[in-house]
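Just below is one structure, and these are the notes that go with it.
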Amino acid sequence: FNKTVLKYIRRTDRKRIDFITALYLEAGLGEEAAETTAKIEYMAYIGAQNLSFMDSKRDSIAVYGAMERVLLKFGKQKVALPKRSELA
């Protein structure tokens with residue numbers, strides 16, 4: 001990689017991870033758990049982006065749906081988010 005490009009990629013990655021971490025902190029996770037969870041989610045998202053270039057659009061949509069279900073389930077378990085019916 002070009003050193004300048006790599007610098008900006010790392011900066012962008014850090015900003016995205018920090019944003020996700022802040023959401024988990026607001027939801028009540030501790031600092032270490034929030035950052036670790038944010039990194040896992042971000043890695044999964046980036047991996048899914050790369051897969052979308054290799055798979056058909058239909059397969060990519062299915063993978064995104066599955067990833068979203070897993071991450072939402074994992075996130076709800078971590079921060080004990082209320083069910084939709086409890087929000088009404």
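Computed from the coordinates by the stated procedures, all read-outs in this text should not be read as laboratory data. Keep in mind the model is a prediction, meaning the values are calculated, not measured.
Here are the numbers for this structure:
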{"item": "Karplus (6.51, -1.76, 1.60) ³J(HN,Hα), θ = phi - 60°, over region 43-48, in Hz, Gly and Pro reported as x", "result": "5, 5, 5, 5, x, 5"}
{"item": "For region 27-33, Karplus couplings with θ = phi - 60° (6.51, -1.76, 1.60), whole Hz, Gly/Pro x", "result": "7, x, 6, x, 4, 5, 5"}
